[in-house]
1. Would you confirm whether or not segment 190-206 contains a residue that is touching a Leu at 6+ places or on another chain (Cβ under 7 Å) and at pLDDT below 95?
2. Give me the pairs, please: first residue somewhere in segment 201-221 and of a type in the set (Gly, Ala, Ser), second residue anywhere and part of a loop (DSSP other than H, G, I, E, B) and modelled with pLDDT of 90 or more, beta-carbon distance under 6 Å, and either six or more positions apart or on two chains.
3. Any chance segment 67-75 includes a residue that's surrounded by 10 or more Cβ atoms within 10 Å (Cβ to Cβ), over 30 Å from Phe316 (Cα atoms), modelled with pLDDT under 85 and not basic (Lys, Arg)?
4. Determine whether Asp170 is closer than 16 Å to Glu100 by Cβ and open to solvent by 20 Å² or more (accessible area, probe 1.4 Å).
5. Taking Tyr163 and the conditions (1) at pLDDT 95 or above; (2) in contact with an Asp or Glu (Cβ under 7 Å, 6 or more places away or on another chain), which numbered condition does it fall short on, given that it satisfies the others?
6. Identify, please: which residue in segment 227-258 is touching a Pro at 6+ places or on another chain (Cβ under 8 Å) and of a type in the set (A, V, I, L, M, F, W, C) and is, among those, nearest to Val79 (Cα to Cα)?
7. Filter segment 82-133 down to the residues that are of a type in the set (Ser, Thr, Tyr) and in contact with a Phe, Trp or Tyr (Cβ under 9 Å, 6 or more places away or on another chain), then identify the one that is nearest to Met165 (Cα to Cα).
8. Across segment 256-283, what is the number of residues that are surrounded by fewer than 16 Cβ atoms within 10 Å (Cβ to Cβ) and among the charged types (D, E, K, R)?
Amino acid sequence: HLQDPPEHVDAPAEFSFPPTFSVSEIKNKQRRHLMFMKLKQEKRKQKVAIKKKKKKERDALGDKAPPKEVPKTIENQRVYDETTVNPEDEEVAFDEGTDEFSAYFNRLTNPKVLITTSDRPRGRTVRFCNQLATVIPDAHVYYRRGLALKKVIPQCIARGFTYLMVINEDRKVPNGMVLCHLPDGPTAHFKVSSVRLRKEMKRRGKDPTEHSPEVILNNFTTRLGHSMGRLFAALFPHDPQFVGRQVATFHNQRDFIFFRFHRYIFKNEKRVGIQELGPRFTLKLRSLQKGTFDSKFGEYEWVLKRHENDVCRRRFNL
C-alpha cells in the first residue's frame, strides 16, 4: 500500500534532465513545445552573454585585440568556379561583340517585349503579367488562347518584338517563365517562386511611372551568369530615365535570382532611402537553349543537374 512521502524531505527546487535526455522524448505536445522554447531561450541568453564578454575583452585590449572571426556560411565556403570571368578579358569582350545581344548593346535595336501566358490563365497569373508590363517599358500583354509558341514566335519577329516572355502556372499560381530573345535566341527556362503582387506587399510605394528604370545586376560572375546578366539587361532600354528614380534589381545568390523593383526617396542632401514598388519574385534557371524555343529538337547550352552530395551544394553555376 502506498504511503505519502515524509514531510521533512524537501523536493528539489529545479528538476534536471539526465545528460542523454532529448526534448523529443516528452510525449505531451504542449509540454514538449514549452520545454523546447525554454531551451531555445536559454541558448539565446548564453550566446548574448558570450558576445558581450568578447566585446568587453576587445574593448579592453583596444588595438591589440585579435581580428574578428569570420562566420562560416554557404556563400563564403563556395568552391571556386573556374568559369568565373573578368569583364575586361579580351575573349569575353570578343564574345560580347558577336553574341545575340550585341545589336542591343551597340544601340542598334530597342527592346520590345511580348508577355503572354499558358493557356487559360487564372486571375493571379493575369495580374502578375499586367504588373510586369508596368515594370518593363514597351511591354505588351497578349493571351495565347491555345496558340502554339512555334506559331507565336514568327508573328513576334514580324512585328518587331525583341523578347517573348511566357508565364506558366500550376494550381492558379505562377510557377514558370520562358524568356526567349528574338530573333536568334537564346531561350531560358526558369522556375518562378515567392511571387508577391503589389496588393500583397506592406508599406509599398505608389504605382510605378512610365519612366525607364535603372538596371542593377549583382553577382553574375561566371560564363553562364554573364549570359544571364546580358539576357536580363536587354529587357530594358539602354538609357534609363533618372528623373523617375526607379531601379530594377536582379540579385543572384546561390543560383537563385531575386527580383526587386524600387524607387529612390531623397530625404535630404546626405540621406537616401528606397521604397519597394513590386512585384517581387524569385527565379531559378532550369535550362538555357540555343536559338528560339524548340521543345523537341532544340540544342541546350546548359541544363540544371541535381546534386546529391554536400560538396556539390557549395558549387554554383551563375
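1. Looking through segment 190-206, at least one residue is touching a Leu at 6+ places or on another chain (Cβ under 7 Å) and at pLDDT below 95.
2. Between residues of segment 201-221 that are of a type in the set (Gly, Ala, Ser) and residues that are part of a loop (DSSP other than H, G, I, E, B) and modelled with pLDDT of 90 or more, the close pairs are Gly205/Leu277; Ser212/Pro137; Ser212/Pro237; Ser212/Pro240; Ser212/Gln241.
3. No, there is no match, as no residue in segment 67-75 is surrounded by 10 or more Cβ atoms within 10 Å (Cβ to Cβ), over 30 Å from Phe316 (Cα atoms), modelled with pLDDT under 85 and not basic (Lys, Arg).
4. When the stated conditions are applied, Asp170 does not pass them.
5. Of the numbered conditions (1) at pLDDT 95 or above; (2) in contact with an Asp or Glu (Cβ under 7 Å, 6 or more places away or on another chain), the odd one out for Tyr163 is (2).
6. Looking at the filtered set, the residue picked out is Leu231.
7. Thr116
8. Adding up the residues that qualify gives 4.
The values are calculated or read from the model by the stated rules, or taken from the named source; none is laboratory data. Nothing here was measured: the structure is a model prediction, and the numbers come from that model. Neighbour counts run over all protein chains shown; Cβ positions are idealised from the backbone, glycine included. When the accessible area is computed, the model is the full protein with side chains, heavy atoms only, and any ligands, DNA or RNA have been set aside. Shrake-Rupley method; radii C 1.70, N 1.55, O 1.52, S 1.80 Å.
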